[in-house]
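The values are calculated or read from the model by the stated rules, or taken from the named source; none is laboratory data. None of these values were measured; they are calculated from a predicted model. Cβ placement follows ideal geometry from the backbone for every residue including glycine, while neighbour counts extend to all protein chains displayed. Accessible surface is based on the protein model in full, side chains and every heavy atom, while ligands, DNA and RNA are left aside. Shrake-Rupley method; radii C 1.70, N 1.55, O 1.52, S 1.80 Å.
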Amino acid sequence: SQTIHQWPATLVQPVGSPLSLECTVEGTSNPNLYWYRQAAGRGLQLLFYSVGIGQISSEVPQNLSASRPQDRQFILSSKKLLLSDSGFYLCAWSYLRGTGGETQYFGPGTRLLVL
Amino acid sequence: RKEVEQDPGPFNVPEGATVAFNCTYSNSASQSFFWYRQDCRKEPKLLMSVYSSGNEDGRFTAQLNRASQYISLLIRDSKLSDSATYLCVVNHSGDDKIIFGKGTRLHILP
């Protein structure tokens, strides 16, 4: 069966510090991978998605970046955090386009507080 | 018009009652529809897919109305554990875009 991991679970960082959040998927190959942010009381905002190693699409302009160094690893980074970066960061995976498996499966999330 | 719209609620419903909420979508080319459930401070989890003919899973019934461009979720005999936020999700297969609604909060009252 497939599982998705995220770490850390919670993070408190000062403004201006760097960020690295990691997501890994087990039990499937060549998944689509996604990064979402959910601010307090808000809906899910898609930040990045990836259909393969090294292939990253950005949905919104921001000071965040994403990388996919391996098939089942997705990393969210920032060089300098802003207060507005606080939120609940969720990684998700789905099967490749065309297989009919558009369902997304979410990791447990990382709760980030920037002070 | 927003791509996916939901009544944010909260819906406060007594235990045992039936509750229903809708989700409207703007893109008529949308092809896949889902309901997710999100508990407080947790990740969203798939509740059920929504098929054209409608589908039922225990106390939950999902329906799709393409003509009016909405999907619905009906919960019968509601339980305290049904309290959560329910997210509507629409997929545009053409551009592989998945859109989440902001969710409807449901509180089941004892």
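Annotations
- Choice from B:85, B:61, B:24 with maximal GNM fluctuation in chain B (Cα, 10 Å cutoff): B:61
- Charge dipole magnitude, Cβ of K and R +1, D and E -1 - chain A, Cα centre, debye nearest 20: 220
- Annotation: amide H of residue B:102 within the under-5 Å range of B:6, sequence separation 5 or more or interchain, hydrogens built in the peptide plane.
- Buried on assembly, segment A:77-97 (at least 40 Å² less accessible surface than by itself, 1.4 Å probe): A:97
- Chain A, accessible surface, carbon-and-sulfur percent (1.4 angstrom probe): 54
- Fraction of alpha-carbon pairs over 32 Å apart in the protein assembly as shown - percent: 20
- Solvent-accessible surface of chain B, taken per residue with a 1.4 Å probe and all protein chains present: 49 Å².
- Beyond 21 Å in Cα-Cα separation lie the following of the pairs B:45/B:79; B:45/B:102; B:2/B:97; A:80/B:42; A:80/B:45; A:80/B:97: A:80/B:42; A:80/B:45; A:80/B:97.
- Heavy atoms of chains A and B lose about 1500 Å² of accessible surface on contact, summed over both sides with a 1.4 Å probe.
- Ellipsoid equivalent to chain B - semi-axes via the Cα gyration tensor, in Å: 23, 14, 12
- Here r is the Cβ-Cβ distance between residue B:68 and residue A:82 and R0 is 41 Å; the resulting FRET efficiency, rounded to 0.05, is 0.50.
- For segment B:1-57, carbon and sulfur atoms together expose 43% of the accessible surface, with a 1.4 angstrom probe and every protein chain in place.
- The charge dipole of segment B:1-66, taken about its Cα centre with unit charges on the Cβ atoms of Lys, Arg (+1), Asp and Glu (-1) only, comes to about 140 debye.
- Entry comment: accessible area of chain A is 47 Å² per residue, from protein heavy atoms only and a probe of 1.4 Å.
- Loop-located trypsin sites (Lys or Arg not before Pro) in segment A:1-75 whose Cβ has at most 13 other Cβ within 10 Å (DSSP): A:42
- A simple spin-label model places the labels of residue B:41 and residue A:5 2.4 nm from each other, with each point 7 Å out along Cα-to-Cβ.
- GNM flexibility winner over chain B from B:17, B:62, B:84 (Cα, springs under 10 Å): B:17
- Alpha-carbon Rg/Rh ratio, for chain A, with Rh computed the Kirkwood way: 0.96
- Solvent accessible area, Å² - residue B:39, 1.4 Å probe, full protein context: 60
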